[in-house]
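What follows is calculated from the coordinates using simple rules that are stated; it is not laboratory data. Only a predicted model underlies this, so the values are computations on that prediction, with no experimental measurement involved. Every residue, glycine as well, gets a Cβ built from its backbone with ideal geometry; the counts of neighbours run over all protein chains shown.
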Amino acid sequence: MLYETPCLEPVDREVLAQVDAMREQLRHTVQQVPMKWTQDLCKALTASAIAASNAIEGYRVDAKDVADLMDGEREVDASEENKAETLAYQQAMTYIQSLHDVVDFRYNKELLNAVHWMLQGHHHPLKTAGQWRKTSIRITAPGDELATDYEGPDQDLVPALMGELVDWLNDGDLDQHVLIRAAMAHLNLVKIHPWSDGNGRMSRSLQTLVIARGGVLAPEFSSIEEWLGMPGNTWEYYKVLREVGGRVWSPERDTLPWIKFNLLAYHQQAQRVQRRVDRSNECWMQLMEAAETDGVTERQVTALHEVAMVGRVRRSRYEKAEGLNTQQATRDMQALTRAGLLTAVGQTKGRHYVAGPAFPKNVLATAQRPHTIANPYAAS
């Protein structure tokens with residue numbers, strides 16, 4: 001028996017309808033804007049999701065450094081351990097994103113174990129990867145290693161429970177909204193806790209995969225991991241998992257509070273992404289207008305746009321984004337620096353570029369424009 005999908009209350013259905021409307025609007029917006037900055041935004045959102053999900057587990061790498069690691073840079077401000085965790089998560093996330101439109105896709109145990117290996121294989125055999133745990137498991141309370149938050153089901157029950165979960169992923173509750181099914185997939189996997197390590201990230205990854213398979217938005221726009229990784233939200237995440245899941249495997253418990261928590265996450269993350277899309281689009285248009293008077297080429301706008309939205313750009317990232325060779329990319333960076341649009345920071349290996357004194361002030365103001373994120377339940 002798994003934790004069961006609850007009946008939604010009227011307020012939950014209203015919040016879900018609002019999320020659907022925002023996701024549909026976001027889909028139309030993304031389809032109508034320049035492909036170059038859409039690709040940049042997808043990378044930035046993926047980097048933020050990876051950084052946030054790893055941060056929940058104590059591996060902290062700034063999202064900008066995650067983006068650089070994703071592009072092959074190694075001179076970033078992070079320990080070797082944190083780099084390894086980041087690259088492992090990137091590998092798993094890349095695979096998950098690639099599955100969103102597979103025609104004959106089916107969930108199975110092998111898929112889940114393979115993704116787990118991508119996440120945890122670098123710890124094997126010290127921490128077994130890609131195989132169900134063979135021991136009992138105890139989850140400690142945040143900040144207190146001696147306090148037990150949760151004890152997973154006996155290891156002998158794991159294979160059957162995972163078989164039940166896979167069957168449900170393929171055929172269960174198909175009349176439910178994909179966002180609800182994704183949240184329930186997350187809850188059941190994290191409570192089964194089938195592996196010796198990496199269960200939290202796997203559960204969040206599975207939620208992202210289920211949403212992505214829904215097909216409304218590209219996978220990069222579907223994850224709520226960035227939202228979950230915000231400090232206050234992370235605390236609430238642990239709290240609701242503890243309250244809903246119980247201290248031991250208790251699938252008879254009421255799961256509606258977990259669904260409400262996820263609906264809040266979906267709603268607020270959709271707001272955040274929409275604000276970012278709006279700012280990104282405005283920055284692109286403003287930079288294109290400025291380029292006409294500053295003598296900047298359209299391809300160089302890509303570098304300036306990344307500086308506006310992320311705060312910096314590396315020559316190597318610009319080179320890959322525009323399909324240039326190293327000489328061409330270097331010349332462009334030098335030209336933008338001479339024009340005062342960029343300022344170089346650091347030595348050759350770790351060098352990056354930030355906004356220079358001549359960088360359009362209106363673009364920076366747009367990129368840094370504050371926004372308000374509403375709580376849909378507070379407004380109801």
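Here are some notes:
- Here segment 1-103 is treated with +1 on each Lys and Arg Cβ and -1 on each Asp and Glu Cβ, and its dipole about the Cα centre works out to around 340 debye.
- In terms of surrounding Cβ atoms within a 10 Å radius of their Cβ, PHE221, PHE105 rank from fewest to most as PHE105, PHE221.
- Exposure proxy shown here: for CYS7, CYS42, the number of other Cβ atoms within 10 Å sets the order, fewest to most, as CYS7, CYS42.
- In a reduced charge model with +1 at each Lys and Arg Cβ and -1 at each Asp and Glu Cβ, the chain shows a dipole moment near 1000 debye about its Cα centre.
- Spacing of the two label points (7 Å from each Cα toward its C-beta) at GLU24 and ALA344, in nm: 5.2 nm
- Projecting label points 7 angstrom from Cα along Cα→Cβ for ARG369 and THR326 puts them 4.0 nm apart.
- Positive dipole terminus of the chain, leading residue within GLN120, ALA63, ILE180 (C-beta point charges): ALA63
- Given charges at beta-carbon only (K, R positive; D, E negative), |dipole| of segment 302-380 in Debye: 240 debye
- Each semi-axis of the equivalent ellipsoid for the chain is √(5λ) with λ an eigenvalue of the Cα gyration tensor; in descending order they amount to 39, 24, 18 Å.
- Working note: 222 nm ellipticity from helices only, DSSP H runs with n ≥ 4, each -39,500 (n - 2.57), summed and divided by the residues of the chain, gives -19500 deg cm²/dmol to the nearest 500.
- Across segment 34-274, C-alpha contacts under 8 Å between residues 6 or more apart give a mean separation that, scaled by the residue count, equals a relative contact order of 21 percent.
- Kirkwood-type radius of segment 1-124, with distances r between different C-alpha atoms, in Å: 17.2 Å
- Flagged links, alpha-carbon separation over 27 Å, of LYS43/LYS134; LYS43/LYS109; LYS64/LYS320: LYS43/LYS134; LYS43/LYS109
- Antiparallel %, DSSP beta bridges [both residues in the chain], to 5: 90 percent
- Applying 1/(1 + (r/R0)^6) with r as the Cβ-Cβ distance of GLN155 and SER98 and R0 = 41 angstrom yields a FRET efficiency of 0.85.
- Over segment 238-344, all Cα pairs binned in 10 Å intervals from 0 give whole-percent P(r) values of 13, 30, 17, 12, 14, 11, 2, listed from short to long.
- Exposure proxy ranking, count of Cβ atoms within 10 Å, fewest first, for VAL240, VAL363, VAL345: VAL345, VAL240, VAL363
- Extension gain (nm, one decimal) between LYS127 and ALA358, 0.36 nm per residue minus Cα-Cα: 78.0 nm
- For the chain, the residue among HIS28, PRO360, VAL310 whose Cα projects farthest onto the positive side of the dipole built from Cβ charges is PRO360.
- Between segment 300-342 and segment 94-166, the Cα center-to-center distance that results, in Å: 41 Å
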